[in-house]
Amino acid sequence: MIPDQVLFLDTTLRDGEQSPGCSMNVQEKLRMAHALEALGVNTIEAGFAIASEGDFRAIEAISHEVRGPGIASLSRARREDIQSAARALDKARCSRIHIVLASSDIHLQYKLKITRGEALEQADSSIRLACTYFDEVEFSPEDATRTDPDFLCQMVAVAIDAGARIINLPDTVGYSIPAEYGAIFEMLRSRLPQVAGITLSSHCHNDLGLAVANTMAAVAAGAQQVECTINGIGERAGNAALEEVAAAMMVRRDMFPCSHSIVLDRLYATCQLLPEIIGFGPPPNKAVVGCNAFAHEAGIHQHGVLANPLTYEIMDPSSVGAPTHRIVLGKHSGRSALAHRLEELGVSLEASDLEIVYRRFTELADRRKAIFDQDLLALVSGHLRKRPHSEQALMIEKVAHTS
Ligand code: KIV
Ligand code: ZN
């Protein structure tokens with residue numbers, strides 16, 4: 001059931017950009033698109049052509065300059081959207097339109113104010129029109145996870161019959177849980193034989209913090225494309241984070257023995273570039289790329305990691321391009337971590353001196369949120385200075401002043 005290959009569609013420049021404070025101008029989108037190309041994504045969803053002049057120009061510029069991945073524009077199931085996307089994607093090496101049309105009753109009734117029958121007609125006619133313009137046509141029944149399963153099957157059948165070759169099943173409001181989301185993919189495969197020749201795609205939002213878990217469940221249930229964003233930015237609580245999905249596939253190759261084209265050791269740099277552009281980065285405890293993702297503070301953990309990183313790290317930081325693990329000194333740290341850091345600073349202490357310095361260090365750590373190298377050096381030199389003519393104390397004071 002698990003596909004041999006998983007394709008990555010990155011929607012940082014479209015769904016990601018829909019997150020408050022994340023809008024990007026043409027140059028910024030271009031810069032990010034080049035980084036996504038280097039990262040190895042298969043398709044870049046570069047924007048929503050009809051939404052604004054800026055988005056149109058960004059899609060046009062990316063289509064012109066970024067020749068590796070396919071380039072996609074979002075579109076509603078409307079003629080004017082499709083034609084605008086066609087103009088913006090005219091120069092793309094491989095153009096894709098991503099047509100979205102609501103399928104849940106709540107969206108049809110309150111948002112679009114159309115019947116199910118009218119939605120089926122719109123899906124059919126817009127996809128047929130799109131097939132005359134683009135290399136690839138992707139269709140999303142919006143709010144798929146809250147859609148009546150029989151109607152979802154009906155809409156997907158219409159979309160495939162009209163020519164869509166990629167069917168995306170968005171968990172638009174982040175409502176689904178993994179087993180349920182995977183089951184939707186299985187249901188479509190078992191009820192619609194025509195799905196056999198189609199790329200099924202996942203698109204998960206993080207309202208319950210389950211976007212990556214749901215994405216992995218979709219892959220386990222046969223999804224061949226995953227839609228993600230860098231650092232998980234996106235509407236409301238965001239989208240499935242690309243770096244987490246790719247890292248999960250790497251670390252749990254036993255469960256996901258599928259190939260993909262992501263250059264794993266570029267993940268960290270790509271995730272660092274985005275904050276440079278949008279002005280904010282992920283929280284410190286963000287998986288894979290947060291600044292604490294490979295940091296160890298507790299003594300037991302530090303001791304283990306210094307003996308063998310595999311004790312408390314499930315991936316080598318360098319495999320995702322992250323700096324090597326950090327031993328952070330704080331009130332939970334042990335003697336071995338303190339001695340290790342002091343040795344890195346060029347200070348080696350006798351066991352009895354280390355014991356005294358360690359005691360003072362824990363007193364200080366109890367009062368402070370962070371302990372810096374300067375603090376450590378001050379503790380050591382303060383202790384050694386009590387001895388007459390301590391050369392080491394003088395040397396450490398010198399280091400403390402110059403560092
Ligand atoms: O979340 C969503 O439903 C979307 C669609 C446009 C695919 O972003
Ligand atoms: Zn979305």
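The values are calculated or read from the model by the stated rules, or taken from the named source; none is laboratory data. Please read all numbers here as calculations on a predicted model, not as lab measurements. Note: ideal-geometry Cβ built from the backbone for every residue, glycine included; neighbour counts use all protein chains shown. Heads up: the accessible areas ignore ligands, DNA and RNA and are worked out on the full protein's heavy atoms, side chains in. Shrake-Rupley method; radii C 1.70, N 1.55, O 1.52, S 1.80 Å.
Our coupling estimate for segment 22-30, obtained by passing each phi through the Karplus curve with A = 6.51, B = -1.76, C = 1.60 and θ = phi - 60°, is 10, 6, 10, 7, 4, 5, 5, 5, 4 Hz, Gly and Pro reported as x. Charged side chains reduced to their Cβ positions (Lys and Arg at +1, Asp and Glu at -1) give segment 27-152 a dipole of some 280 debye around its Cα centre.
Along its first, second and third principal axes, ordered by size, segment 129-243 spans 35, 30, 21 Å in Cα coordinates.
Think of the chain as a dipole: +1 on every Lys or Arg Cβ, -1 on every Asp or Glu Cβ, centred on the Cα centre; then among ILE184, LEU354, MET315, LEU354 lies furthest on the positive end. The share of accessible area on segment 199-244 that comes from carbon and sulfur is 51 percent, using a 1.4 angstrom probe. Here r is the Cβ-Cβ distance between ILE114 and GLU186 and R0 is 22 Å; the resulting FRET efficiency, rounded to 0.05, is 0.15. Length gained on full extension, MET255 to SER318: 20.5 nm, using 0.36 nm per residue less the C-alpha separation.
Using the average count of surrounding beta-carbon atoms within 10 Å as a protection proxy, the listed peptides 155-162, 271-278 rank, highest first, as 155-162, 271-278. With a Förster radius of 30 Å, plug the Cβ-Cβ distance of ARG387 and HIS332 into 1/(1 + (r/R0)^6) and report the FRET value to the nearest 0.05. In this case the efficiency is close to 0.50.
Which order do the peptides 320-327, 110-117, 220-227 take when ranked by the mean count of other beta-carbon atoms within 10 Å per residue, highest first?
Averaged packing, sorted descending, gives the order 220-227, 320-327, 110-117.
Applying 1/(1 + (r/R0)^6) with R0 = 22 Å to the Cβ-Cβ distance of PHE280 and ASN25 gives a FRET efficiency near 0.85. Taking every alpha-carbon pair within segment 295-402, the share separated by more than 20 Å comes to 42 percent. The Cα center of segment 8-59 and the Cα center of segment 341-365 differ in position by 50 Å. Protection proxy ranking, highest mean first, for peptides 206-216, 365-375: 206-216, 365-375, where packing is the per-residue count of other beta-carbon atoms within 10 Å, averaged.
The order of ARG385, ARG189 by accessible area, most exposed first and with a 1.4 Å probe, is ARG385, ARG189.
Find the centroid of the Cα atoms in segment 142-177 and in segment 272-316, then give the distance between the two in whole Å. What the calculation gives is 37 Å, centre to centre.
Computed from phi, the 3J(HN,Hα) profile of segment 249-260 under the Karplus parametrisation 6.51, -1.76, 1.60 (θ = phi - 60°) reads 5, 6, 5, 9, 4, 4, 8, 10, x, 10, 8, 7 Hz, with x in place of Gly and Pro.
On full extension, the segment bounded by ALA179 and ARG128 gains 15.0 nm, given 0.36 nm per residue less the C-alpha separation. Looking at the chain, the DSSP beta bridges with both ends there are about 5 percent antiparallel. Diffusion coefficient (Stokes-Einstein, Kirkwood radius over C-alpha pairs, 10 °C, 1.306 mPa s) for segment 264-320: 128 µm²/s, rounded to a whole number.
Between ASP366 and GLU65, the modelled label-to-label distance comes to 5.7 nm, taking each label 7 Å out from Cα in the direction of the beta carbon. For the chain, the average shadow cast by the Cα convex hull is 22.2 nm², which is a quarter of the hull's surface.
Computed with every protein chain present, the accessible area of GLU180 is close to 80 Å² [probe 1.4 Å].
Proximity of backbone amide H atoms, modeled 1.01 Å from N, is registered between ASP148 and ASP105 at under 5 Å, excluding neighbours fewer than 5 places apart on the same chain. Relative contact order, whole percent, for the chain stands at 14, derived from Cα pairs under 8 Å and 6 or more residues apart. In the context of the full set of protein chains, the chain has a per residue accessible area of 44 Å² (1.4 Å probe). For the chain, the tally of Lys pairs with Cα-Cα distances below 27 Å comes to 9, considering only residues 8 or more apart or on different chains. Shown are TYR133, TYR175, whose ranking by accessible area with a 1.4 Å probe and every protein chain present, most to least, is TYR175, TYR133. For GLY40, the amide hydrogen comes within under 5 Å of the amide hydrogens of VAL263, counting only partners 5 or more places away or on other chains and with H modelled in the peptide plane. Under 19 Å from a point placed 7 Å out from the Cα of ASP90 along the Cα-to-Cβ direction: which residues of segment 17-53 have their backbone N that close? Label zone hits: 46-53.
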